[in-house]
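One structure is given below, encoded as structure tokens.
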């Protein structure tokens, strides 16, 4: 039982440290705050259950993202569809701090990026989300996705080429105006 | 020269590459302008993509709720009190049963035993050591073992990492919103009134209080945010900093940094002094790298004096083109107008006056070149700046405080000592730097101090080290 107590204590600390990015990732994958809350809880439940699979020499954050990734995939499979965060609320609905930051962002370019992200293949979006929320490398993402590392990079690069062209147009329009 | 594959540059810009491969790619970038330009554009794009993805998905209240539920579950405060799971997990029966069994295992096995352990192990921060209060989010500080641990406040002069989006409030009412994983620390000027916020890595939106000033440092550049100013700072550190708190030292500098003034006035003073300082206002920005600082107005026009102008400014042996001199004078006049404008609106602020004086004093280097020279004193502040064959010595007095700074290697390492008397200052400065300290004379001036060059000691130092004279 003492070992289980240590396990729970350690996971509690990991939850405090990493719940934000994990929540963000789940929300991007699943679409709503309520679903992300459930997925986060599920992630830590599995982390507790399969704690023996954790290698302490590895980054705990990456281990947790591997679990969260699988949780989201399973949930999406169960629902027979994967909701990509089209229904994310307008940033203006966020907390005041986010409102402040958002208002100050380069709105035009950001909007272009948002639109183009919507058009990216789901796999590319997952690559980006695992990178930004989980800080995973291309090798770690390749392991999760069952791809070769080079394939991850090529897929991302090709998918971003369209985005780059749109961004260049936005900048040209901005310069012309 | 063999260039990397484009998809590898994309991966590098998106931080997907690790280890030796990353080193190899970065080495290539250092030698290849073409690839570096591509990488820089990818990197800017990455910032936008990250913002678009991360910001929209984060929500403070929902994250707090999710954390609370998770901690409750892990603490197993009884099966009955465990929060209900959402409809999302209306999974197949076998899976639900397995999950319920797991839940029960956690609940029964850990009841009582875990409860004392589930409170996050938070580092306490004594009131006397608090540099800022945490308004929302999680502040992580080093536990001296190289690990980041949650703290109940931002301690004075300790590297702090935003464990989440973190909102802090400093003692004078200034505030900052640091994005997750940003690394920073907070100290105060020697008067213990003006906060100094060092942004080492990550992004922060910083607001000076309406009636106070705030000093933001990133790279070796100081951003003097005047009352009410708001500035968005982005700083990029070396790989590994964010995970190794032990490697961070007070003189650590980021790889590059940017700042964008969103509101009000910000005086920018590059520590290297290679370029003139400048007053920025709403919509204007600056970018710093170890090679120098560049400031731009809202239209993208450079506001900093060019490197060539600097050579003229310090009076080297450069042959001076009259057209170049005229251009320099025009640039200086434009900067002067900006400073005049700031001074009109913030003229009563002594610290701001000091920076203005400092800014103008630097121009005296151009005197022999008949570039327009203006020196204005504030009466309440004084400073000394010496460049001794790559070693920078600076001292300044403002209010009742005095400071002494030694920088080496073109400003990439820098040590500053603050005190309220020369005796105390001498006790703080390491013995091997006492010779440099002796180049500065401290004299009582009313309630405060006045600093100036100790001409005798300076002449002796130059002779001893075979350095040319100032003139």
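The values are calculated or read from the model by the stated rules, or taken from the named source; none is laboratory data. On a predicted model such as this, the values are computed, not experimentally measured, just so you know. Neighbour counts run over all protein chains shown; Cβ positions are idealised from the backbone, glycine included.
Restricted to segment B:414-451, and to residues that are within 19 Å of residue B:465 (Cβ to Cβ) and touching a residue at least 24 places away in the same chain (Cβ under 8 Å), which residue is surrounded by the fewest Cβ atoms within 10 Å (Cβ to Cβ)? Here the residue is B:435. Evaluate segment A:22-38: report whether one residue or more is modelled with pLDDT of 80 or more, closer than 25 Å to residue B:162 by Cα, at the interface with chain B (Cβ under 9 Å from one of its Cβ atoms) and not in a helix (DSSP H, G or I). Yes - at least one qualifying residue is present in segment A:22-38. Go through segment B:157-197 and report how many residues are assigned to a strand (DSSP E or B), surrounded by fewer than 21 Cβ atoms within 10 Å (Cβ to Cβ) and more than 14 Å from chain A (Cβ to nearest Cβ). Within segment B:157-197, residues that are assigned to a strand (DSSP E or B), surrounded by fewer than 21 Cβ atoms within 10 Å (Cβ to Cβ) and more than 14 Å from chain A (Cβ to nearest Cβ) number 3. Here A:163, A:120, A:167, A:98 are screened, and the one residue that is touching a helix residue (DSSP H, G or I) at 6+ places or on another chain (Cβ under 8 Å), modelled with pLDDT under 85, more than 9 Å from chain B (Cβ to nearest Cβ) and crowded, with 19+ Cβ neighbours inside 10 Å is A:120. On the stretch given as segment B:127-154, residues that are in a strand (DSSP E or B) and more than 12 Å from residue B:184 (Cβ to Cβ) total 11. Please work out if residue A:61 is more than 8 Å from every other protein chain (Cβ to nearest Cβ), in contact with a helix residue (DSSP H, G or I) (Cβ under 8 Å, 6 or more places away or on another chain), in contact (Cβ under 8 Å) with a residue 40 or more places away in the chain and closer than 29 Å to residue A:114 by Cα. It is true that residue A:61 is more than 8 Å from every other protein chain (Cβ to nearest Cβ), in contact with a helix residue (DSSP H, G or I) (Cβ under 8 Å, 6 or more places away or on another chain), in contact (Cβ under 8 Å) with a residue 40 or more places away in the chain and closer than 29 Å to residue A:114 by Cα. Among the residues of segment B:160-179, those that are within 22 Å of residue A:13 (Cβ to Cβ) and at pLDDT below 90 comprise B:163, B:164, B:165. Going through (1) within 7 Å of chain B (Cβ to nearest Cβ); (2) modelled with pLDDT under 70; (3) touching a helix residue (DSSP H, G or I) at 6+ places or on another chain (Cβ under 9 Å); (4) outside any loop (DSSP other than H, G, I, E, B) one by one, residue A:132 falls short only on (2).
Listed here are the residues, each with its yes/no results for (1) more than 19 Å from residue B:184 (Cα to Cα); (2) at pLDDT below 85; (3) outside the structural domain of residue B:147 (by TED's automatic domain parsing).
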| residue | (1), (2), (3) |
| --- | --- |
| B:227 | yes, no, no |
| B:236 | no, no, no |
| B:258 | no, no, no |
| B:278 | yes, yes, no |
| B:281 | yes, no, no |
| B:320 | yes, yes, yes |
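Note on segment B:16-26: residues that are at the interface with chain A (Cβ under 7 Å from one of its Cβ atoms) and out of contact with any helix residue (DSSP H, G or I) (no Cβ under 6 Å at 6 or more places or on another chain) amount to 1. Being surrounded by fewer than 24 Cβ atoms within 10 Å (Cβ to Cβ) and either touching a strand residue (DSSP E or B) at 6+ places or on another chain (Cβ under 7 Å) or assigned by TED's automatic domain parsing to the domain that holds residue A:137 (or both): is that true of residue A:16 here? Yes; evaluated as a whole, the condition is true for this residue.
Of the residues making up segment A:136-154, those that are crowded, with 19+ Cβ neighbours inside 10 Å, part of a helix (DSSP H, G or I) and either within 10 Å of chain B (Cβ to nearest Cβ) or over 14 Å from the mean Cα position of the chain (by Cα) (or both) are A:138, A:140, A:141, A:142, A:152, A:153.
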